[in-house]
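Colleague: Have a look at this one.
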Amino acid sequence: MKKNFKIEPATTKDVAAIAHLLSCAFGFSKARSQEYLANIGLETLRFIRGEDGRPVVCAGLLQTAHVFHRKPVKAANIVHVAVAPERRGQGLAVPFVDSLCDEAAKNGAAIATLFASTRPVYRKAGFELAGHELVYEAETAALPSTSRLAFGRVELDDPRLVTAYAEKTLREAGLLVRDAAHWNELRRAPTDALAAYLAEGETAYLILDMGDKARLVIRDWFAASSEAALGLLSFLARFRSVYPVVRWHGAPHDDLVAAMPDKGWRLAHQEEWLLRVLDPAAALRQRGYHVDHARLTFRIGEAALQVEVSGGAVEVRKAGTSGPAVSVQPTGFVQLFTGFRSASKLAHYGLLAGDSADIRRCDQLFAGPPPWVAEHF
């Protein structure tokens, strides 16, 4: 299919065909496909029709933001790109994703993010590794049980959970500013096996999925301190007679792991999400930084931008193509921007070059916790 295809927004008459496409691509049941489409909203769906009028590729386009050093960077999540089996390998994905990025940029997104089933395909569309998705698993018998932090059950849509999660985004790097679609997926069926618990003082919360007797799944959680993390684990220890293990999404430097003993936990799953910078100047302007004062010029491919941080305020302006600067390949810039890799490491890999003092300054500018996300989008 050539690039002169037409991308269409979904209508109610297209839902069944798109649900079937998701089932073919991801193994969703019919009910799960329909639930997923309802959760993310019909208005987020984009697709291309084949010659016979049926959808041959579809995806969701979610307007959101990722938080870096306490500041949200406007973003679009491209979710569940599904290509019909008979049309795979025909070069549909890259131009389709390119078009979604164009739409996202027109709507004000500075970056676009996704999970890739096939990384080389999305690298052709300008995406690069940006952060982690990590799933930890612990034996419930190994959980500490010393804390007496009290938890009470609350409704799944309790606004205090949303407030606490927003606080969590300020302590980490890369976490999503969730919209309704993200929260809907966290609260997805089977809802009769879900329960939310909030700690006294609102210092911790859990959304638990108790639908699988083989393991207890934490769909979402927050702990405001090391004491709250210990209390959260101690609450989970009460489930040890029913569930042998518990799983959760966590950070590379994870608070629950830090509160665990030396044994009894392991890394159950690791995957990386990818990012494409749609507007480098806007992305740099919106991001927060680790230093209060700095000035640095970047050459990103053919573009040159000067970043000046002063008292927490950030100015980004075009710079001349001559003079001292940190030169970085576009693929390296993505990793630098999110903090996935440091300037020093990127220089070691041949993706960044500059004066040694500028490289050290660049390390300081983008320092912070390693980027991750708390769900698979």
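None of the figures in this text is laboratory data; all of them are computed from the coordinates on show. Just so we're clear, the structure is a prediction, and the values are computed from it rather than from any experiment. Here Cβ is always computed from backbone atoms with ideal geometry, including for glycine, and neighbour counts include all displayed protein chains.
Colleague: How many percent of all Cα-Cα pairs in region 172-312 sit more than 21 Å apart?
Modeller: 58 percent
Colleague: Set the Förster distance to 51 Å, then compute FRET efficiency between GLU51 and ALA281 from the Cβ-Cβ distance, nearest 0.05.
Modeller: Computed FRET efficiency for GLU51 and ALA281 comes out at 0.80.
Colleague: Fully extended, how many nm does the chain gain between THR12 and LEU170 (0.36 nm per residue separation, minus their Cα-Cα distance)?
Modeller: Taking THR12 through LEU170 to full extension adds about 53.1 nm, to one decimal.
Colleague: OK, next. Using 0.36 nm per residue of separation minus the Cα-Cα distance, give me the extension gain between GLU375 and SER225 in nm, one decimal.
Modeller: My answer for the length gained is 51.9 nm.
Colleague: Taking the Cα centre of the chain as origin and charging only Cβ (+1 Lys, Arg; -1 Asp, Glu), how large is the dipole, in debye to the nearest 20?
Modeller: 660 debye
Colleague: Another one. Any idea what log10 I(q)/I(0) is at q = 0.14 Å⁻¹ for the chain, Debye with uniform C-alpha scatterers and no solvent?
Modeller: Computed log10 I(q)/I(0) values: -1.23.
Colleague: What full-extension length gain, to one decimal in nm, is calculated for ALA367 and ASP192 as 0.36 nm per residue of separation minus the Cα-Cα distance?
Modeller: Length difference between fully extended and current span is 58.8 nm.
Colleague: Using modelled backbone amide H atoms (1.01 Å from N, in-plane), which distant-in-sequence or interchain residues come within less than 5 Å of LYS74's amide H?
Modeller: So LYS74 has HN proximity to ALA110.
Colleague: Based on DSSP, what percent of beta bridges with both residues in the chain are antiparallel, to the nearest 5?
Modeller: Antiparallel bridges make up about 85 percent of those DSSP assigns within the chain.
Colleague: I want to check the label-to-label distance for LYS106 and PHE239. Put each point 7 Å from Cα in the C-beta direction and report it in nm to one decimal.
Modeller: 4.5 nm
Colleague: Assuming 0.890 mPa s and 25 °C, estimate D for region 72-111 with Stokes-Einstein, Rh taken as the Kirkwood radius over Cα pairs, in µm²/s.
Modeller: Taking Rh from Cα pairs, D becomes 217 µm²/s.
Colleague: 7 Å from Cα along Cα→Cβ at both ARG32 and GLU315: what's the point-to-point distance in nm?
Modeller: 5.3 nm
Colleague: Using each residue's phi in region 38-54, evaluate 6.51 cos²θ - 1.76 cosθ + 1.60 at θ = phi - 60° and report the 3J(HN,Hα) Karplus result to the nearest Hz, with x for Gly and Pro.
Modeller: Per-residue couplings from phi come out as 5, 5, 8, x, 4, 5, 8, 7, 10, 7, 10, 8, x, 4, 8, x, 8 Hz.
Colleague: Treating the beta-carbon of each Lys and Arg as +1 and of each Asp and Glu as -1, no other charges, what is the dipole magnitude of region 225-327 about its Cα centre, to the nearest 20 debye?
Modeller: Dipole of region 225-327, to the nearest 20 debye: 180 debye.
Colleague: Considering only C-alpha atoms, what is the centroid distance from region 266-339 to region 134-154, in Å?
Modeller: 38 Å
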